[in-house]
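Please read the structure below before turning to the comments.
Laboratory data are not the source of any read-out in this text; all were calculated from the coordinates shown. From a predicted model like this one, the values you see are computed outputs, not experimental measurements. Cβ: placed from backbone, ideal geometry, glycine included. Neighbour counts: every protein chain shown.
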Amino acid sequence: MQTIFVMVKCELGRAYAVADMLVQDIDQVSEVHSTSGQYDLLLKCFLPDDDDIGHFVTERIQTIPGIKDTFTLIAFKAFT
């Protein structure tokens, strides 16, 4: 399983609608958090090992209406 974090910049006034769509429409999205700063949302996503991260982000995340920009971080190890 691959873990990625995607920071999302939304069109003005669309962050809550985008968050709702991400949670409802994309099974790989585990968590959505609103954030302050340059980006509006932080997503935690789990992908199968054989899934292509680039295709997932560009075809599943970036195509959601109201998303202007994304920044993706790939996680290597979770410390508990």
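Using the Karplus relation 6.51 cos²θ - 1.76 cosθ + 1.60 with θ = phi - 60°, the per-residue 3J(HN,Hα) values for region 52-66 come to 7, 4, x, 5, 4, 5, 6, 9, 9, 8, 5, 8, 5, x, x Hz, with x marking Gly and Pro.
Taking only the Cα atoms of the chain, the ratio Rg/Rh comes out at 0.95, with Rh defined as the Kirkwood radius.
Per-peptide packing, taken as the mean over residues of other Cβ atoms within 10 Å, places 27-38, 60-71 in the sequence 60-71, 27-38 from highest down.
Residues in region 37-43 carry Karplus couplings, in order, of x, 5, 10, 9, 9, 10, 9 Hz; the curve used is 6.51 cos²θ - 1.76 cosθ + 1.60 with θ = phi - 60°, and Gly or Pro positions show x.
Each other residue within a Cβ distance under 14 Å of GLY66 adds +1 if Lys or Arg and -1 if Asp or Glu, for a net charge of -2.
In a simple Cβ point-charge model (Lys, Arg +1; Asp, Glu -1; nothing else charged), the chain has a dipole of about 340 debye relative to its Cα centre.
Annotation: peptides 3-14, 43-54, ranked by per-residue average of other Cβ atoms within 10 Å with the highest first, follow the order 3-14, 43-54. The mean sequence separation of alpha-carbon pairs under 8 Å and at least six residues apart, normalised by the residue count of the chain, gives a relative contact order of 47 percent. Candidates SER36, VAL23, THR63 compared by Cα position along the dipole of the chain: farthest toward the positive end lies SER36, with charges placed on Cβ.
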